[in-house]
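What follows is one structure encoded as structure tokens, with my remarks underneath.
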Number of protein chains: 2
Amino acid sequence: MSKTAKPLCILAGQGQLPLQVAEAARQNGRAVLVFALKGSADADFSGFQLHGLGLGEVGRALKILQKHDCHEVCMIGAVVRPDLTSLKFDLGALKVVPEILSTVIGGDDEALAGIVRFLAKRDIAIVGAHEIAPDLTATNEVLTKTHPNKADQADIARALAAARAIGTLDIGQGAISVDGRVVALEAAEGTDRMLARVAELRSVGRLRWKGQKGVLVKCAKPQQDLRVDMPCIGPDTVLKAAEAGLHGIALHAGHVLLAERDKLIDVANAHGLFICGVTPEEQDKHDAR
Amino acid sequence: MSKTAKPLCILAGQGQLPLQVAEAARQNGRAVLVFALKGSADADFSGFQLHGLGLGEVGRALKILQKHDCHEVCMIGAVVRPDLTSLKFDLGALKVVPEILSTVIGGDDEALAGIVRFLAKRDIAIVGAHEIAPDLTATNEVLTKTHPNKADQADIARALAAARAIGTLDIGQGAISVDGRVVALEAAEGTDRMLARVAELRSVGRLRWKGQKGVLVKCAKPQQDLRVDMPCIGPDTVLKAAEAGLHGIALHAGHVLLAERDKLIDVANAHGLFICGVTPEEQDKHDAR
């Protein structure tokens, strides 16, 4: 117990997920400290030891962690990508500005790997939300009343291949396939905007199908460090998938977090969508034979 | 001259390019017959022997070709993807419906390969617009006053890798990279909508940069049959790239058609954009070493 009883810091971005992870950690008997990122964090963390934190307040953050003898941080929730010119750096940050800047140039993966190295040097380990709260992670089961049919399985395979290809290039994690054709790929716009685009392409007649068809696949990048950057969906993603006319969502098992899990499944059931798991690793084994 | 003097049929989709190709063929001394696809063709073909053609009028089209002893067809201009349930088939089409339907299931490449096979059986060859009008094809030179700088070259390499990856999967031909990061990938929405999305992501602050930065790359799919499906850009694409805040456009040399070439270059110069060629084949040779 001595190890798990060590204090944990939640570095909280957008959404309810940081709160759910904080609650799971507390249930496991850990002291929890929350850094709510200004401009990103929006859940209600009352009841937790809470510090509002600007993205440039590196020095202050390190001091608070030191004061609490806290050596484990869980980064969770989307962070609004900063405009570098508007960042306010504190004195502690200024000392390490060159090191920090080198972390935010290039793709997401490079940036996050830089942050992990930066903290490791200061004796702070990053732990993944899926390690703190494994119940919030997608598994290989079907979570909904609706199950994927044969056409859905073909779309899952196509979208999965596309999502993995763009993931390998550190571009995005999501793809949508309908009727055996990939119609949308996710890059900077994110999953929700990609779904809204498909709904719009249908409404202007650029994409056409009747009823519910096609699948959104979310898949971690092969090189993705789940400790710092785990794909995530919530009830709103499911609602937008329904609005796009899709039949379901397939999630990389063990690699995607479900925000507000119960509500998410309720929304899927209310709209007749399936939510299931996929294991690209199995596909690899199959291909290697 | 006997071979080139054979009549040529232009199967015309959207835009000015079909007209430019028709004019180039006539200048080469060929008799030109234009099929203007209903719902797609919109150029002014007066002066050419012209037939309006619905997408389902296969029997009628074959009869007209036979009557003119015409055995070469050039398909050019975007075709609005048909809603299969609204297609009107003529008697000649009904005879071949199963064969036709098998051509339009799956990705673009499969569909077009099916059309080529279907026509080849009837002694009709498909010729590419770039064979009829080579002057309309992008080359490896810089067409504009502005040239790509070092940062642009890095973005060209990133976007090219992404465009080739999604091309290999028969998904799309375009990608946009800014500051070394791929921010948009093209699928069913097409290039112009992808550019509009980047402009929108900037206007809502999801993407941020000052001045003109980043590159749109258009690249043919490795398996693309240029005779039936050649990537294309026009002045409007250049204008949308300017509105998205990009610095330029790189085109797969020998594989992309320039609609309204002079106007396109004028628009680029007016907005300070570069237009240059790229040769992914060179990259392959380099990688193979």
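The values are calculated or read from the model by the stated rules, or taken from the named source; none is laboratory data. These numbers were taken from a predicted model, which means no experiment stands behind them. Because the Cβ atoms are built from the backbone with ideal geometry, glycine has one as well, and the counts that use them run over all protein chains shown. With ligands, DNA and RNA removed, areas are computed over all heavy atoms of the protein, side chains included. Shrake-Rupley method; radii C 1.70, N 1.55, O 1.52, S 1.80 Å.
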Using a 1.4 Å probe and counting only protein heavy atoms, arrange B:Asp179, A:Asp262, B:Asp170 so the residue with the most accessible area comes first.
A:Asp262, B:Asp179, B:Asp170
What percent antiparallel are the DSSP beta bridges of segment A:136-289, to the nearest 5?
45 percent
For segment A:129-237, just list the percent of Cα-Cα distances falling in each 10 Å bin from zero outward, please.
14, 42, 36, 8, 1
Restricting to lysine pairs 8 or more places apart or on different chains, what number in segment A:154-289 have Cα atoms under 21 Å apart?
7
Formal net charge of residues neighbouring A:Leu169 (Cβ-Cβ distance under 9 Å; K, R +1; D, E -1):
+1
Under 9 Å from the Cβ of A:Met75, count the other residues' Cβ atoms, weight Lys and Arg +1, Asp and Glu -1, and hand me the total.
0
Residue by residue through segment B:119-135, which ³J(HN,Hα) values in whole Hz follow from phi under the Karplus form 6.51 cos²θ - 1.76 cosθ + 1.60 (θ = phi - 60°), with glycine and proline marked x?
6, 4, 4, 9, 6, 10, 9, 9, 10, x, 4, 5, 7, 6, 9, x, 5
Could you check how many percent of all C-alpha pairs in segment B:188-243 are farther apart than 16 Å?
51 percent
Near the amide H of A:His255, under 5 Å away, which other amide H atoms are found, from residues 5 or more places off or on another chain, if H is placed in the peptide plane?
A:Ala138
Per residue, what volume in Å³ does the convex hull of the Cα atoms of segment B:29-71 enclose?
78 Å³
Separation of alpha-carbon centers, segment A:245-267 and segment B:237-279, rounded to whole Å
41 Å
What is segment A:203-280's relative contact order, in percent, from Cα pairs under 8 angstrom and six or more apart in sequence?
34 percent
With a 1.4 Å probe, what is the total accessible area buried between chains B and A, in Å² rounded to the nearest 100?
2800 Å²
Segment A:216-289: Cα Rg divided by the 2.2 N^0.38 Å rule of thumb:
1.19
In segment B:130-187, the trypsin sites (Lys or Arg not before Pro) that sit in a DSSP loop and have at most 16 other Cβ atoms within 10 Å of their own Cβ are B:Lys145
To the nearest Å, what is the center-to-center distance of segment B:146-164 and segment A:24-43, using C-alpha atoms only?
41 Å
Inter-copy separations for A:Ala270, label at 7 Å along Cα-Cβ, nm, ascending
5.0
Taking every residue in B:177-185, how many Cβ atoms of other protein chains lie within 10 Å of its Cβ, on average?
6
For A:Asp42, what residues show an amide H to amide H distance below 5 Å, using hydrogens built from the backbone and excluding near sequence neighbours?
A:Gly15
How do A:253-261, B:265-273 rank on mean C-beta neighbours within 10 Å, highest first?
A:253-261, B:265-273
Rg over Rh of segment A:156-214, using C-alpha atoms and the Kirkwood radius, what does it come to?
0.98
With every protein chain present, what accessible area does A:His130 have (1.4 Å probe, heavy atoms only), rounded to the nearest 10 Å²?
40 Å²
D (Stokes-Einstein, µm²/s), Kirkwood Cα radius, segment A:1-65, 1.306 mPa s at 10 °C:
131 µm²/s
For a quick check of understanding: with a 1.4 angstrom probe and all protein chains in place, what accessible area in square angstrom does A:Lys121 have, to the nearest ten?
150 Å²
List, in order, the whole-Hz ³J(HN,Hα) value for each residue of segment B:218-224 obtained from phi through the Karplus relation with A = 6.51, B = -1.76, C = 1.60 and θ = phi - 60°; use x for Gly and Pro.
10, 9, 5, 5, x, 9, 5
Between A:Glu281 and B:Lys67, what is the label-to-label distance in nm when each label sits 7 Å out along the Cα-to-Cβ direction?
6.6 nm
Lys and Arg at +1, Asp and Glu at -1: add these up for the other residues within a Cβ distance under 10 Å of B:Gln20 and post the number.
-2
Karplus-derived 3J(HN,Hα), 6.51/-1.76/1.60, for each residue of segment B:163-172, Hz, glycine and proline x:
4, 5, 5, 6, x, 4, 8, 6, 9, x
Please work out the FRET efficiency for the pair A:Asn28 and A:Trp209, using the Cβ-Cβ distance as r and a Förster radius of 41 Å; give the result to the nearest 0.05.
0.35
